[in-house]
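These notes concern the structure reproduced below.
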Amino acid sequence: MLFAQILNDDLGCASYLVGCEVAGEVAVVDPHLAIETILAEAERLEARIVRTIETHTHADHVSGHGRLALDHDVPVTIHPAAGVTYPHDPMTDGDEIRIGNVVLRCIHTPGHRPEHCCLAVIDTTRADEPWLVLTGDSLFVGDTARPDLAVGATDGAEGLFHSLQRLLELPDGVEVFPGHVAGSLCGTSMSSRASTTIGFERRFNPMLAHSEVGAFIAESAGVSAPKPPNLARIVELNQSAFQGASAEVPKLAVPPEGTQLLDVRPVPVHLAGHRPGAINVPVSGNSFSTKAGFVLDADRPVTVLATGPQEAEQAVAGLRSVAFSDIPGFVLGGGDEVTRSLRIDELEELIAEGAAVLDVRDKEERDLGYIPGSRNVPYRLMRTCCPDLPEDRPIVTICGSGPRAAIAASILRAKGLDAG
């Protein structure tokens, strides 16, 4: 059997190649938009991609199934409940897709979305029982999927509970390869480990400890994590006509009038000199695409400000993965506006002088300890919230390590406030 897991660390999502070495053919499961890494892995395996299988319609990133279909003639398979309008072959519970000596058996597992399916993978040269299962957005390492992205949280959680019981019918030794690892918003407590087993999750996954549906619903439906940014637009793109590869964005001398300015350089470089109104989300940091999606206006074009072309290209790819397609170009270098970071003693002095302190961490982090008198506004809400912030005194943003505070401060400066 041929098998490869291809992680997108920025989005915390996983794509898979599964197939038969004898036939020299593989299927790709849940391809992310940057299909170049998938094609390179297929070439390394000396295998031809003959089918795309979507476990469900993704809500946190744009799929690469359209690029594979248009540019490489790869057909797509998905459950009919997805309601997609692009050409596809349907798969329902119990259906099998055979690639040489390897069989992928569909297990319909609604909950995260009504169409969600897992794939039990059988190498018929070894046994007639599954060797591994691709669980998509149902069972993660140490967690289970959130139920509130497509239907009501209670209904989704009830469906997910029964779907997980079906997965637990598999033998303990079956390996589990999920659609997400830590860093994704499709779960709240998932591990950074790339795989697990049914037996390990049965013993140690706290969400699987609930034997009664009511107790599971109470915990699963109570999810407080934010929904993925640009969710509706991403789902629309993933359900509609195939989208091919996008054109390269050009280098520009100056940003076009009326565009949002996204400075993707490292925080210290941004602070040392940036363009007025630029929002700083370093592409070198973790979860760049998700963070950018939270703080940008999806209805306005975005100009990328970068240190070099490679940094700009990486940022553009990340933005497109969360459905920001109106990107007129990138501009190299910074600007004349300078913002300084503060030492602890300087912060204490500013507070004594009346500065407002914004704690931009999530509530769960803040509950572990915070500066008295500070106000909690998570960075992702900064663009649309808080018209009552003071205009007559400095605003200091703080977080756990600095990057989110820098993002929040740049948003507030873009609004004309004195923030740092």
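Using just the helices of the chain, give the 222 nm mean residue ellipticity in deg cm²/dmol: DSSP H runs with n ≥ 4 each add -39,500 (n - 2.57), and the total is spread over all residues, rounded to 500. -7500 deg cm²/dmol, from helical runs alone. The distance between label points at Ala127 and Asp95 comes to 2.7 nm (points 7 Å beyond Cα on the Cα→Cβ vector). Surface composition of the chain: carbon plus sulfur atoms hold 50% of the accessible area, using a 1.4 angstrom probe and ignoring ligands, DNA and RNA.
Straight-line reach from Lys363: taking Cα to Cα under 20 Å and skipping same-chain neighbours fewer than 8 places apart, the lysines in range are Lys227, Lys291. For Glu115, the solvent-accessible surface with a 1.4 Å probe is about 0 Å², rounded to the nearest 10.
Relative to its residue count, the range 148-235 spans a Cα convex hull of 103 Å³ per residue.
In the range 83-203, a dipole from Cβ-located charges (positive for Lys and Arg, negative for Asp and Glu) runs towards its positive end, and of Leu168, Val84, Pro178 it is Pro178 whose Cα lies farthest in that direction. Counting only protein heavy atoms and a 1.4 Å probe, the chain has 43 square angstrom of accessible area per residue. 3J(HN,Hα) along the range 326-333, derived from phi through the Karplus expression 6.51 cos²θ - 1.76 cosθ + 1.60 where θ = phi - 60°, amounts to 8, 10, x, x, 10, 10, 8, x Hz, with x in place of Gly and Pro. What residues of the range 395-415 lie in the reach of a label at Glu346, counting those whose backbone N is under 19 Å from a point 7 Å from the Cα along Cα→Cβ? Correct set: 395-414.
The values are calculated or read from the model by the stated rules, or taken from the named source; none is laboratory data. The structure presented is a predicted model; accordingly, all values stated were derived computationally and were not measured. Don't worry about glycine lacking a Cβ; one is built from the backbone with ideal geometry, like all the others, and counts go over all protein chains shown. Accessible surface areas use protein heavy atoms only, side chains included; no ligands, DNA or RNA. Shrake-Rupley method; radii C 1.70, N 1.55, O 1.52, S 1.80 Å.
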